[in-house]
Amino acid sequence: MPEYKRKRRGRFSSAPKVTKKRTKKTAEDLNIPMTSAEKQYKPRKNMRVVKGKKLEAKRRFKLWASIIGVVMAVLLICELFMPAGVFETASNTLKLIGGGSYPIDLESNNTSTVVSKGSYYYVLSSNSITAFSNSGKKIFTHSHGFENPVIKTSKTRALVFDQGKKDILIFTLDGLESSKTFKHDIKTAAIGDNGTYAVVTSSENYTAQVSVFKKNNQPVYEWFSSVDLVNNVGVSPSGKKIAVATISSKVGGYNSKVSVLNFKSATPENEKIFENTIVYALDTTFGSGFSVITANSYNFFKWSNFKSKEYKNEYNSAMFRTGNNGLAVVFNRENDKTDNRIAVFSSGGKLKKEFEFKGIITDFAVRNGNIYCVSDTKAYVLGRDGKVIRSGECGFGVVKIVPFGQNIMAVVTDNEINKLKLEQE
C-alpha cells in the first residue's frame, strides 16, 4: 500500500479562523435602566429622496410665505401709524403731485375758514369748499350749498356741516366721499383720524343727542343728555372714544363738564367739571390726548388715564391754533384787543413759551415752534423768544394765513390767495 505522508501542523501554523458575527448590544442586553421617554423613542424614518421639481416647489412656497408675512407686518404697522388706512393715505399723497401758481382767484367773495394740513390746506367759503396744495395746485372744489357751513378736519378727511340744519358732507382729497342727512338740527360735529365721526343734534325727548358713526356711515354709538346742553365734541384718533363738553346752569351762573365715553356704556369713564366758565373749544389733533380751551385756561387730558395739565391766564382766550408739532393760544384783554399774551404748548400739552404781542391780531398760525400772525397790514414771524424775526407787507383785507416755511406764507382774502415772502428783520 502506498504510504501517505501525514501533514504536520505545528504550533505556528494557523488553523482556519472562525469569524463570529458581531451583534450590537442594546440597553436591555446590558441591563441598563431606561426612562419611559427612551423606551418610547422610535428611530427616525429613513431619508427620502425628493425630486428636483418638488424641492423647487417647496422653496417657492416658503419664499412666498415669507413675503406675504412681511407684507402683512408692514400693513399692520402702517395701520397703526395711518389710522385712516394705507390706501386712503396713499391716495391723498398722490393728489399732491403736480404744481400750481399764485395768485389764486377764489370763486367766492366770503372766506370763512382756512385750515392748513401741512402740505395742503382747505378754504371754506359761504358757498364752496376747495383744497389747494402749498404749491398752488387746486386739488378739488365742491359747492356745498349750506347757509352756515362749519368745517372739522382729521389727517385725511374734512367734515363740513350746516350748523342749525340737518346735512353733513365728508371729503377726502379725491373730493366728496359721502353725505348724510339727520332727522334733527346739527349743533356741532367732529371727525377722528380713522374716519369715525360724531354729530351732536337736538332730540325729541332729550336736550341733546350725540351719534357716532364709522367711516362707512354705519352707526356705532349713541349718547343722550337729558338736561345739559352739548356745545363741543371730539373723537379720538383711533375712533374708540369721544370727549363731550356740556353746559349746565346753576344758581347765579353755570358750569361746564367734559366727559370721556368709550362706547361700552352711557356712563362716562372720566369727567372734569369747570366752574363758572364755558368750554370754547375741544381739539383732538394729537394722538396722546385732547385739548380743552375755556375763558381763561388751556387744559390737556390724556385719553388713556385722563391725566391732565392746566395753564391759566388772567386775560381772555381769543384764538386757538394747532401746528405740525404743537399748538398755541392767544389771550388778550377784554377791553384792549391790542394787548396780547401768546402761549405756545407742545403736542403733549406742556407750556413751551409765553410772550407778549402788541397789536390787533387778525389771524395767526403755529409751525415748527414759530408763530406767524397778521396785524393791520403787516405779516410777522415770531421766534421762540417772541421777537420778530421776519416780516412783510400784506396789505388790507387779509383774513387768514397759511405758513409754508420760515419765510413764506399764503395770505388769504375774501376773493384771492397770494404768496408772501417775509424778509429778515
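The values are calculated or read from the model by the stated rules, or taken from the named source; none is laboratory data. Note that the coordinates shown come from a computational prediction; the quantities given were computed from them, not determined experimentally. Virtual Cβ from ideal backbone geometry, glycine too; neighbours counted across all protein chains shown.
List every residue pair whose Cβ atoms lie under 9 Å apart, where the two residues are 6 or more positions apart in sequence or sit on different chains, the first residue falls within segment 102-125 and is surrounded by 13 or more Cβ atoms within 10 Å (Cβ to Cβ), and the second residue, located anywhere, is of a type in the set (D, E) and part of a strand (DSSP E or B).
P103/E416; I104/E416; L106/E416; V114/D363
Let me spell it out: the conditions are (1) in a loop (DSSP other than H, G, I, E, B); (2) modelled with pLDDT under 90, and G100 meets all of them except one. Which number is the exception?
Against the list (1) in a loop (DSSP other than H, G, I, E, B); (2) modelled with pLDDT under 90, G100 comes up short only on (2).
Would you point out which residue out of V374, V398, V366 is surrounded by 16 or more Cβ atoms within 10 Å (Cβ to Cβ), among the β-branched types (V, I, T) and out of contact with any Asp or Glu (no Cβ under 8 Å at 6 or more places or on another chain)?
Values: V374 fails: out of contact with any Asp or Glu (no Cβ under 8 Å at 6 or more places or on another chain); V398 fails: out of contact with any Asp or Glu (no Cβ under 8 Å at 6 or more places or on another chain).
Going through V374, V398, V366 in turn, the sole match is V366.
Would you check which residues across segment 233-254 are more than 21 Å from S265 (Cβ to Cβ) and either small (G, A, S) or modelled with pLDDT of 95 or more (or both) and list them? Please lay out each step first, then the result.
Our first condition is that a residue be more than 21 Å from S265 (Cβ to Cβ); within segment 233-254, this holds for 237, 247, 249-254.
Hits for segment 233-254 are I247, S249, G252, G253.
Is it fair to say I186 is more than 21 Å from S236 (Cα to Cα) and either buried (at least 21 other Cβ atoms within 10 Å of the Cβ) or modelled with pLDDT of 95 or more (or both)?
Details: more than 21 Å from S236 (Cα to Cα): no; either buried (at least 21 other Cβ atoms within 10 Å of the Cβ) or modelled with pLDDT of 95 or more (or both): yes.
No: the conditions fail for I186.
Got a sec? Which of Y315, Y372 is without any contact (Cβ under 8 Å) to a residue 60 or more places away in the chain, out of contact with any Gly (no Cβ under 7 Å at 6 or more places or on another chain), closer than 22 Å to S256 by Cα and of a type outside the set (S, T, N, Q)? So that I can check it myself, show each step before the final result.
Working: Y372 fails: closer than 22 Å to S256 by Cα.
The match here is Y315.
Do we find a residue being within 24 Å of V114 (Cα to Cα), touching a Gly at 6+ places or on another chain (Cβ under 8 Å) and outside any strand (DSSP E or B) anywhere in segment 285-303?
yes
Filter segment 401-425 down to residues that are among the hydrophobic types (A, V, I, L, M, F, W, C) and in a loop (DSSP other than H, G, I, E, B) and give me whichever is nearest to G100 (Cα to Cα). Explain how you work it out, then say what you get.
Applying the first criterion (among the hydrophobic types (A, V, I, L, M, F, W, C)) to segment 401-425 yields 401-402, 404, 408-412, 417, 420, 422.
Imposing the further condition that a residue be in a loop (DSSP other than H, G, I, E, B) reduces the set to 404, 422.
Details: F404: 14, L422: 20 Å.
Only one residue tops the list, namely F404.
Could we say that G386 is over 25 Å from I104 (Cβ atoms) and not acidic (D, E) here?
Values: over 25 Å from I104 (Cβ atoms): yes; not acidic (D, E): yes.
Yes: the conditions hold for G386.
Quick test for you: out of S116, S91, S112, pick the one residue that is modelled with pLDDT of 90 or more, out of contact with any Pro (no Cβ under 6 Å at 6 or more places or on another chain) and of a type in the set (G, A, S).
The match here is S116.
Could you tell me which numbered condition V398 fails, if it satisfies all but one of (1) without any contact (Cβ under 8 Å) to a residue 40 or more places away in the chain; (2) assigned to a strand (DSSP E or B); (3) of a type in the set (V, I, T)?
(2)
Go through segment 344-363 and report how many residues are buried (at least 20 other Cβ atoms within 10 Å of the Cβ) and under 28 Å from N270 (Cα atoms).
3
Here are S259, S265, S203, S211: which of them is more than 25 Å from the chain's Cα centre (by Cα) and without any contact (Cβ under 8 Å) to a residue 40 or more places away in the chain? Don't jump to the end; show me each part of the working.
On the way: S259 fails: more than 25 Å from the chain's Cα centre (by Cα); S265 fails: more than 25 Å from the chain's Cα centre (by Cα); S211 fails: more than 25 Å from the chain's Cα centre (by Cα).
Criteria check complete, one pass: S203.
Quick one: would you say V279 is of a type in the set (A, V, I, L, M, F, W, C), part of a strand (DSSP E or B) and either surrounded by fewer than 20 Cβ atoms within 10 Å (Cβ to Cβ) or under 25 Å from the mean Cα position of the chain (by Cα) (or both)? Walk me through how you get there before you give the answer.
Details: of a type in the set (A, V, I, L, M, F, W, C): yes; part of a strand (DSSP E or B): no; either surrounded by fewer than 20 Cβ atoms within 10 Å (Cβ to Cβ) or under 25 Å from the mean Cα position of the chain (by Cα) (or both): yes.
The answer is no for V279.
Across segment 218-239, what is the total count of residues that are among the small types (G, A, S) and crowded, with 16+ Cβ neighbours inside 10 Å? Walk me through how you get there before you give the answer.
Here is the first cut: in segment 218-239, the residues among the small types (G, A, S) are 225-226, 234, 236, 238-239.
After this cut, where a residue has to be crowded, with 16+ Cβ neighbours inside 10 Å as well, the list is 225, 234, 236, 239.
Counting residues in segment 218-239 that are among the small types (G, A, S) and crowded, with 16+ Cβ neighbours inside 10 Å gives 4.
Given the conditions (1) within 18 Å of T153 (Cβ to Cβ); (2) surrounded by fewer than 17 Cβ atoms within 10 Å (Cβ to Cβ), which single one is not true for I242?
(2)
Could you tell me whether any residue of segment 244-253 is touching a Pro at 6+ places or on another chain (Cβ under 9 Å), over 16 Å from N194 (Cβ atoms) and of a type outside the set (F, W, Y)?
Going residue by residue through segment 244-253, those that are touching a Pro at 6+ places or on another chain (Cβ under 9 Å) are 244.
Imposing the further condition that a residue be over 16 Å from N194 (Cβ atoms) reduces the set to 244.
Within this subset, residues satisfying the condition of being of a type outside the set (F, W, Y) are 244.
Checking segment 244-253: at least one residue is touching a Pro at 6+ places or on another chain (Cβ under 9 Å), over 16 Å from N194 (Cβ atoms) and of a type outside the set (F, W, Y).
Could we say that F306 is among the hydrophobic types (A, V, I, L, M, F, W, C), surrounded by fewer than 17 Cβ atoms within 10 Å (Cβ to Cβ), within 26 Å of the chain's Cα centre (by Cα) and assigned to a loop (DSSP other than H, G, I, E, B) here?
On the way: among the hydrophobic types (A, V, I, L, M, F, W, C): yes; surrounded by fewer than 17 Cβ atoms within 10 Å (Cβ to Cβ): yes; within 26 Å of the chain's Cα centre (by Cα): yes; assigned to a loop (DSSP other than H, G, I, E, B): yes.
The answer is yes for F306.
Residues in segment 163-183 that are out of contact with any helix residue (DSSP H, G or I) (no Cβ under 9 Å at 6 or more places or on another chain) and over 18 Å from K214 (Cα atoms): how many?
6
Go through (1) under 19 Å from R367 (Cβ atoms); (2) surrounded by 20 or more Cβ atoms within 10 Å (Cβ to Cβ) and name the single condition F331 misses.
(1)
Conditions first: (1) at pLDDT 95 or above; (2) under 22 Å from the mean Cα position of the chain (by Cα). D167 passes all but one, so which condition is the exception?
(2)
Looking at L420, L382, can you tell me which residue is closer than 17 Å to A328 by Cα and without any contact (Cβ under 8 Å) to a residue 60 or more places away in the chain?
Result of the check over L420, L382: L382.
Just one of D376, D339 is at pLDDT below 95 and acidic (D, E); which is it? Working first, answer last.
Values: D339 fails: at pLDDT below 95.
Only one candidate passes the filter, namely D376.
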